[in-house]
Amino acid sequence: MIKGFTRFLQSPGESLRSLFGPQEAAAGNPTPRVITRDEHPISRSQFSDAALKVLYRLHNSGYDAYLVGGCLRDSLLGMTPKDFDVATNATPEQVKQLFRNSRIIGRRFRIVHVRFGREVIEVTTFRGKPSDDHGDHVASQSDAGLLLRDNVWGNIEEDALRRDFTVNALYYSIADFTIHDFAGGLDDIASRTLRLIGDPGTRYREDPVRMLRAIRFAAKLDFDIAPATEALIHDLAPLLLQIPPARLFDEVLKLFMSGDGLATFRLLREYGLFAMLFPEADECIAELPWFEALIEQALTSTDKRIREDRPVTPAFLLAAFMWGPVQRRQADVEADGMPPVPALQAAAQQVISRELKHVSVPKRFSMPMRDIWDLQQRLPQRRGKRAFQTREHPRFRAAYDFLLLREAAGEIEPGLGDWWTAFQEADDHEQRRLLGKVGVDPASGPNPRKRRRRRRKPRSDSSSPES
């Protein structure tokens, strides 16, 4: 253990410089720099029990076993690691034989998920460089360079250079607790620099999602993107249109639901990537003066809730991203003579249909999203029992929060949000007073006294024999 462990975590950059010394991040050099246990601050106590079980079972079965990637990077930066990935020379089939609680997933990249309750440890086999000898069922690329399949097994040196960023090409050996740095990742952690391994143009064409990962890591870690790594992002952003919408939805969750959504959004806009994910929203930001403020308010609120470990749902954030397009289309439909309620429903359908071509939003999120939008038309309607019926709607709280965002962003005049705030906190007497202020008869509260129906007297029949 190095001396001054606390100081290391407080100022990891300076500590790494003094500990490891200067070295170029030579992505093409497969010779690792090996850091022994007494020279680095990472301890097994920082790893989850599930990750240790996987590592030790692989090791005791005769396989190489390493922790790799983000968990090491975050530990060296003084952050608490959350996701633990394991790299090994065991094939997916061999890993599956060792763990009954596992399954092989993916065709493009075959990996193994080992599940321990809610925790999943991702196990990958060392990847090698594809060659002409490998059939399309093992490795293949499109004419544009996109990796369609990459299941060539290799050694740890080859695997390191197949990874995306230098700071993710760090390996922790469970055999002797050493750290192996193959691409200068330790130096880049010290300088807080995000750098692609290999030629950026080639690596982005292999997998355009790497551009999104660059933005996500830069925002999360507060790293600068190396000049060569960032130079091509704006020009190659349209390559994201090749990626299946379902995969991009998973990336959207990682981008915006990790507590750094606002910084991520601003970087995505700066590099022209937000338009590839939400094209109509990007168009509306230039047209609607309040729309960008609304998105940033929603992201700020979501980031705050995540950091406070409070529940969040993607539906709320997606509702904000698409609200501008919905409002623009609704105005167009109403101009053609359609009433407001069906106009909103038609606009919502059009916006979602276009968005699904870019990011595949599941119905479990799109339906609550539409409820939030629909309630924006119901919230101003407070006469009679409507206020009480609206308050009992399952999506009322999300719609109310959304209303407050709209007011804060300047889309609508403030006032309605204050009324609903007071109404929720008021007792019965105060609720009736608030309803009276909007022209409601206080007698028409949530449970108005029902008038007793008078029984009608039987009609006399003149044709009856008793008449």
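The values are calculated or read from the model by the stated rules, or taken from the named source; none is laboratory data. These numbers come from a predicted model, not from an experiment. As a convention, Cβ positions derive from the backbone with ideal geometry for all residues, glycine included, and neighbour counts pool all protein chains shown. For accessibility, only protein heavy atoms count, side chains too; no ligands or nucleic acids. Shrake-Rupley method; radii C 1.70, N 1.55, O 1.52, S 1.80 Å.
Structure values in brief
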quantity: Segment Thr80-Phe109, length gained on full extension (0.36 nm per residue, minus Cα span); calculated: 7.7 nm
quantity: Label-point separation in nm, Asn155 to Asp199, each point 7 Å along Cα→Cβ; calculated: 2.5 nm
quantity: Percent accessible area from carbon and sulfur atoms, segment 365-420, protein chains only, probe 1.4 Å; calculated: 46 percent
quantity: Two-site FRET efficiency, Gln389 against Thr31, from Cβ-Cβ distance with R₀ of 56 Å, rounded to 0.05; calculated: 0.20
quantity: Percent of Cα-Cα distances greater than 27 Å, calculated over segment 278-436; calculated: 24 percent
quantity: Asp401/Met257 FRET efficiency (R0 25 Å; Cβ-Cβ; nearest 0.05); calculated: 0.90
quantity: Length released on extending from Ile412 to Asp428, taking residue separation times 0.36 nm less the Cα-Cα span; calculated: 2.9 nm
quantity: Two-site FRET efficiency, His59 against Arg305, from Cβ-Cβ distance with R₀ of 41 Å, rounded to 0.05; calculated: 0.55
quantity: Fully extended contour minus Cα-Cα distance, from Arg378 to Ser48, at 0.36 nm per residue; calculated: 114.0 nm
quantity: Listed pairs Lys129/Lys254; Lys220/Lys363; Lys254/Lys385; Lys304/Lys437; Lys53/Lys363; Lys304/Lys357 exceeding 32 Å between Cα atoms; calculated: Lys254/Lys385; Lys304/Lys437; Lys53/Lys363
quantity: Thr313 paired with Arg266, simple spin-label distance in nm, labels 7 Å along Cα-to-beta-carbon; calculated: 2.9 nm
